[in-house]
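Notes follow the structure.
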Amino acid sequence: MNRLIIDTDPGEDDALAIMMAAAHPTTQIEAITVAAGNVGLHHTSNNVAVILDRLGLDIPIYPGCKNALVQSTHDASHAHGMDGLGNSGLKSDRPMQTTHGSVELVRRANAEPGELTLVTLGPLTNIAVALHLDPDLPHKLKRVVAMAGAVTGHGNTNVCTEFNVFADPDAAHVVFEAWGSAGKMIEVADWELATRNGFTKQDRAGWVALNTSLSAFFAEISAHSNRFIEEVRGRTTNYFADPVAMAIALEPDIVQQKEQHHCGIELSGGLSRGQTIVDWLDASGRPTNAEIVLEIDHDRLLELAIMAQG
Ligand code: BDR
Ligand code: CA
């Protein structure tokens, strides 16, 4: 079994990623830690509960950090709706765990070193705090797959940055540097990979036609995002990024091309704070901390997305 801890900030694309993991036959979601990101923590925590209600799964939910490490908070409610799930207004009364998400991540990693894969779908705040609690964390996780960054600067927020890194660059810096110092790599599914693996209007119509309760749920929570990309971004293909990262976590063989380099986070740039700076030539002498996924089997991604809504 592929045993996952998911750190997430739903977001309809986080929801589809969680649904993919739930549907996957050789995967078990052991715990979900919650980040603030797309919207505030009270919304993202509720949204995880709503998703698990729809899936009928009893998985513990651990809310984590309410704010970014250093900077003031930025959200992405313009793209995901004020509640993060497309202004659907869905609510859950499922109880939350009282242990902080960062503490629980450290506890589980120490209880079973080398057994758990961490998938991060939001800003990396909870993981940075976990590293402060346990600097040896990189040695205790089997894999880390992160939806993070825009590896050649073709971002989605503030021009050259990707939202999850833009929302907490200091946390991303702490996490990437810690993995490099430990001689470990984060598997990076960046925004640019997501743009090469978008979901067309036709793909999404096929999901609606499945006519299941889960496909209806995803149609409901993604309607706002689909409108946003058409009316504001002027395209019909939606780039749901988190499902791409999840596909890599679920099936490492889906990766068709990747490169290993140092990935730094710009912290002080006037125009570029939060940009992921990849040392493509390995010229800096900094440790390799990122396995950057450049191509995946797109057809298999589509199959996983359909399975998730079946
Ligand atoms: C990432 O930012 C969020 O808005 C999405 O949920 C995804 O995790 C894409 O840049
Ligand atoms: Ca997300």
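The values are calculated or read from the model by the stated rules, or taken from the named source; none is laboratory data. Quick caveat: nothing in here was measured; it's all calculated off a predicted structure. In this analysis, Cβ positions are derived from the backbone assuming ideal geometry, glycine residues included, and neighbour counts consider all displayed protein chains.
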note = Just one listed residue, out of THR33, THR99, is within 26 Å of THR157 (Cβ to Cβ) and either of a type in the set (Val, Ile, Thr) or buried (at least 21 other Cβ atoms within 10 Å of the Cβ) (or both), and it is THR33
query = Of everything in region 142-160 that's within 21 Å of MET185 (Cβ to Cβ) and of a type in the set (Val, Ile, Thr), which residue is nearest to ligand 2 (Cβ to nearest atom)?
reply = VAL145
inquiry  = Condition first: within 19 Å of the chain's Cα centre (by Cα), among the β-branched types (Val, Ile, Thr) and surrounded by fewer than 18 Cβ atoms within 10 Å (Cβ to Cβ). Can you find one or more residues in region 192-215 that meet it?
reply    = yes
request  = Return yes or no: is GLY274 within 16 Å of ligand 2 (Cβ to nearest atom), at pLDDT 95 or above, under 29 Å from LEU116 (Cα atoms) and not in a helix (DSSP H, G or I)?
outcome  = yes
task = Among what's in region 66-96 and is in contact with a strand residue (DSSP E or B) (Cβ under 8 Å, 6 or more places away or on another chain) and among the hydrophobic types (A, V, I, L, M, F, W, C), pick the residue that is nearest to ALA130 (Cα to Cα).
result = MET96
task = Give me a count of the residues in region 1-47 that are part of a strand (DSSP E or B), of a type in the set (Asp, Glu) and near ligand 2 (Cβ under 9 Å from one of its atoms).
result = 0
query = With respect to HIS43, is the statement that it is away from ligand 1 (no atom under 13 Å from the Cβ) and surrounded by 20 or more Cβ atoms within 10 Å (Cβ to Cβ) true?
reply = no
inquiry  = On the basis of being among the small types (Gly, Ala, Ser), away from ligand 1 (no atom under 13 Å from the Cβ) and under 18 Å from LEU118 (Cβ atoms), does ALA21 make the cut?
reply    = yes
ask   = Looking only at helices (runs of 4 or more DSSP H) that fall completely inside region 161-260, which ones have 3 or more residues that are away from ligand 2 (no atom under 16 Å from the Cβ) and farther than 30 Å from ARG286 by Cα?
value = 201-210, 213-231
Residue list for region 67-82, restricted to those being buried (at least 16 other Cβ atoms within 10 Å of the Cβ), hydrophobic (A, V, I, L, M, F, W, C) and over 16 Å from ASN238 (Cα atoms) = ALA68, LEU69
